[in-house]
Amino acid sequence: MNDVHMSHGAEAPVAVFDSGVGGLSVLAEIRDLLPAESLYYLADAGHVPYGEKSPAFIVQRCLTIAEFFHAQGAKALVLACNTATAAAAAVLRERYPDWPLVAMEPAVKPAAAATRSGVVGVLATTGTLQSARFAALLDRFAADVRVVTQPCPGLVELIETGDLQGPAITRMLQGYVQPLLAEGCDTLILGCTHYPFLKPLLRQMLPPGISLIDTGAAVARQLERLLAQRELLAQGPARQTQFWTSGDPDNLGKILPTLWKSSDSVRSFVL
Ligand code: DGL
């Protein structure tokens, strides 16, 4: 990394990444709250899903991606991925102590406050649910409620293909949601950034009165706070978004109009 070329001033971009398209649900919240910011987005689609990979592997990917964005001059980094946060947020904070970093985890605290039945369901990846960070989150915020967890292998792969409504994803999602409803959950945490794209489908399959909670908007607000504290909020009206993927750029390019509501060119990330 060459520090001489870095510019981390207010007009520098904010970098956001995920294993794939899930982080676009967070990117959209950032765009809505902070429209003046230039945004960089990387989908590590060559290595999706993170949810079934080892923490050591995810740490290596996160370090590689963070180094790339730091060298590109990004003024802040958003880990738009619960699984990456669980595995790598602490390592990244240690590696870049002065770089504003926003990480994310399942919204246990707001869900515990919102439930009336006293039973909260968590849909997340295997990696997130098995992590020490998630166990600590439950210890801290879930003492007074019952939390039922549901890993969802295969769901992220279907969302990556752009299937948000078809029979395959409907069947799979039913299978993951039914046990949570049978346990009496009235509040479901969408603990993976891919899952907010399934809200329309969930609304169709859930009985009325079930709350869905995700953290994209809270991440955007936390980013705003960190940038404001450091006087790094962009002022200008202009903003640009640039996309990279470690998978096939055509695949991301094809799905962007659906998930990001605009067509943008996508570059290849080969590290
Ligand atoms: N979107 C990611 C998350 O928030 C990870 C999905 C995956 O690659 O398994 O957990």
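Descriptive notes on the structure:
- Scanning the range 218-234 for residues that are buried (at least 16 other Cβ atoms within 10 Å of the Cβ) and either without any contact (Cβ under 8 Å) to a residue 60 or more places away in the chain or hydrophobic (A, V, I, L, M, F, W, C) (or both) turns up Ala218, Val219, Ala220, Leu223, Leu226, Leu227, Leu232, Leu233, Ala234.
- Cβ-Cβ under 6 Å pairs, at least 6 apart or on other chains, the range 80-99 side hydroxyl-bearing (Ser, Thr, Tyr), far side within 16 Å of the ligand (Cβ to nearest atom) and assigned to a loop (DSSP other than H, G, I, E, B): Thr83/Thr125; Thr85/Ala103; Thr85/Met104; Thr85/Glu105
- Within the range 100-157, being polar (S, T, N, Q), touching a strand residue (DSSP E or B) at 6+ places or on another chain (Cβ under 9 Å) and either at pLDDT below 95 or within 16 Å of the ligand (Cβ to nearest atom) (or both) holds for Thr125, Thr126, Thr128, Gln130, Thr149, Gln150.
- From Ala111, Ala90, Ala132, Ala142, residue being of a type in the set (A, V, I, L, M), more than 17 Å from the chain's Cα centre (by Cα) and surrounded by fewer than 16 Cβ atoms within 10 Å (Cβ to Cβ): Ala132
- Some residue of the range 166-173 being assigned to a loop (DSSP other than H, G, I, E, B), farther than 18 Å from Pro106 by Cβ and within 13 Å of the ligand (Cβ to nearest atom): no
- Residue match in the range 247-258 (condition: of a type in the set (Lys, Arg) and either outside any loop (DSSP other than H, G, I, E, B) or without any contact (Cβ under 8 Å) to a residue 60 or more places away in the chain (or both)): yes
- Selected residue (only one of Pro196, Pro208 is away from the ligand (no atom under 15 Å from the Cβ) and of a type outside the set (A, V, I, L, M)): Pro208
The values are calculated or read from the model by the stated rules, or taken from the named source; none is laboratory data. Bear in mind the structure is a predicted one, so any value in this text is a computation, not a measurement. Backbone-built Cβ (ideal geometry, glycine too); neighbour counts: all protein chains shown.
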